[in-house]
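Working notes for the structure below.
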Amino acid sequence: MEKREDTGKRSDELFEAMGGEISDGFPTIHAEAHRTAAGTPYLKSPGVAMISKPDTNIAGLDGFLEGFDPELRFPEYLDDPMELPSSSQLCKTAGQVCYASFGPRRTTNENAAAYFERLTSAGHGSVLEHSNFSFLLYGISRSVTHELVRHRAGVGVSQISQRYVSGAVLRFVERPEYQNDEDLHRLFEGRADRAAAEYDAMAESLLEKQEGGASMLSADYKTDARKKVQQTARSLLPNETEAPMVWTGNVRALRHVIEMRADAHAESEIRALALRIFLCLRKADPILFGDYELTELPDGTCMVGTPHRKA
Ligand SMILES: Cc1cc2nc3c(=O)[nH]c(=O)nc-3n(C[C@H](O)[C@H](O)[C@H](O)COP(=O)(O)OP(=O)(O)OC[C@H]3O[C@@H](n4cnc5c(N)ncnc54)[C@H](O)[C@@H]3O)c2cc1C
């Protein structure tokens with residue numbers, strides 16, 4: 001229990017140190033946009049905004065619970081004095097339906113953390129699949145999102161289309177390793193300026209060719225024509241290009257991603273992203289994500305781990 005409180009305190013401090021805010025119960029860690037002297041926009045850290053979470057109404061169980069023998073005292077299930085986050089309540093109720101654990105001997109909400117610890121330590125993670133959270137993720141490079149989308153089970157992805165959007169929304173991501181080194185930072189800014197300029201020049205030249213009737217770019221519709229120009233020009237874009245997405249995961253999948261990607265062996269940019277996702281989730285539901293521990297690594301960054309991996 002002490003460990004839980006200690007991690008809770010440390011993750012709250014880290015959330016605040018990273019500029020985390022909670023608006024109407026939705027945690028966010030925003031990332032500021034910067035510009036090179038030539039005006040090319042770029043970001044230095046991942047931005048994570050929780051935009052959706054469960055809204056559970058167990059009062060809807062009343063008709064079901066009242067239909068059993070009154071001696072079982074099932075309707076008392078709805079009178080638990082302790083309110084849980086909706087995401088925990090949903091998973092707990094789903095688990096308790098399995099064994100019809102509604103009577104006086106059930107695990108009450110006060111002991112929800114221990115209930116989930118029993119489930120996760122035994123690898124019975126399927127009840128965690130009921131609660132989903134959605135995030136807007138930005139300030140993340142195309143190389144990081146390529147790693148993130150390797151997680152297939154229990155997630156949904158809607159990512160910016162480099163075929164559809166124009167160079168006007170092109171931004172870049174500076175890796176942490178470049179940020180505090182004057183030479184590496186200058187080289188990064190130079191690369192970002194060149195990539196943006198080359199992309200614009202290529203799009204312009206493809207457009208001219210298309211207007212001149214180049215067969216490889218011919219298109220019947222205006223949107224189609226723009227796509228043909230942009231899908232070709234995007235081949236120039238580097239891994240440092242920002243690739244924002246809305247990313248949704250159920251709690252079982254989210255836990256797995258945190259365990260794989262906020263680990264010491266994970267690549268540093270995705271670890272920074274997974275850490276922020278964890279900090280937001282822990283704020284939203286300290287019970288479902290309460291078994292994790294934060295450990296400082298020699299480079300001053302943090303990893304997140306749990307004894308109950310892969311629930
Ligand atoms: C440090 C690190 C280094 C890596 N290096 C490389 C690399 O060099 N090259 C490379 O290609 N990838 C690499 N990866 C990616 C890794 O191999 C996985 O593809 C990625 O982490 C997704 O995890 P997952 O397979 O658990 O899939 P998820 O989609 O997150 O699935 C979760 C779990 O569901 C089950 N599951 C999901 N899909 C299936 C399925 N089709 N069949 C059966 N069970 C399934 C599995 O138990 C799986 O663990 C690396 C990952 C990490 C964390």
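The values are calculated or read from the model by the stated rules, or taken from the named source; none is laboratory data. All of these numbers come straight from a predicted model, not from anything done at the bench. FYI the Cβ positions are ideal-geometry reconstructions off the backbone, even for glycines, and counts take in every protein chain you see.
Below are the figures for this structure:
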| quantity | calculated |
| --- | --- |
| Checklist (1) within 14 Å of the ligand (Cβ to nearest atom); (2) assigned by TED's automatic domain parsing to the domain that holds Arg150 applied to Leu207, failing item | (1) |
| Unmet criterion (only one of (1) within 16 Å of the ligand (Cβ to nearest atom); (2) farther than 16 Å from Tyr42 by Cα) for Asp200 | (1) |
| Condition met for Ala203 (in a helix (DSSP H, G or I), surrounded by fewer than 18 Cβ atoms within 10 Å (Cβ to Cβ) and not polar (S, T, N, Q)) | no |
| Residues that are among the hydrophobic types (A, V, I, L, M, F, W, C), touching a residue at least 60 places away in the same chain (Cβ under 8 Å) and away from the ligand (no atom under 16 Å from the Cβ), drawn from the stretch 157-169 | Ile160, Val165 |
| Single match in Gly139, Gly95, Gly154 (criterion: crowded, with 18+ Cβ neighbours inside 10 Å, away from the ligand (no atom under 16 Å from the Cβ), within 16 Å of the chain's Cα centre (by Cα) and not hydroxyl-bearing (Ser, Thr, Tyr)) | Gly139 |
| Answer from Arg276, Arg282, Arg255 - the residue that is within 11 Å of the ligand (Cβ to nearest atom), of a type outside the set (Gly, Ala, Ser), buried (at least 20 other Cβ atoms within 10 Å of the Cβ) and at negative phi | Arg255 |
| Subset of the stretch 18-43 [under 23 Å from Cys302 (Cβ atoms) and either over 19 Å from the mean Cα position of the chain (by Cα) or outside the structural domain of Gly190 (by TED's automatic domain parsing) (or both)] | none |
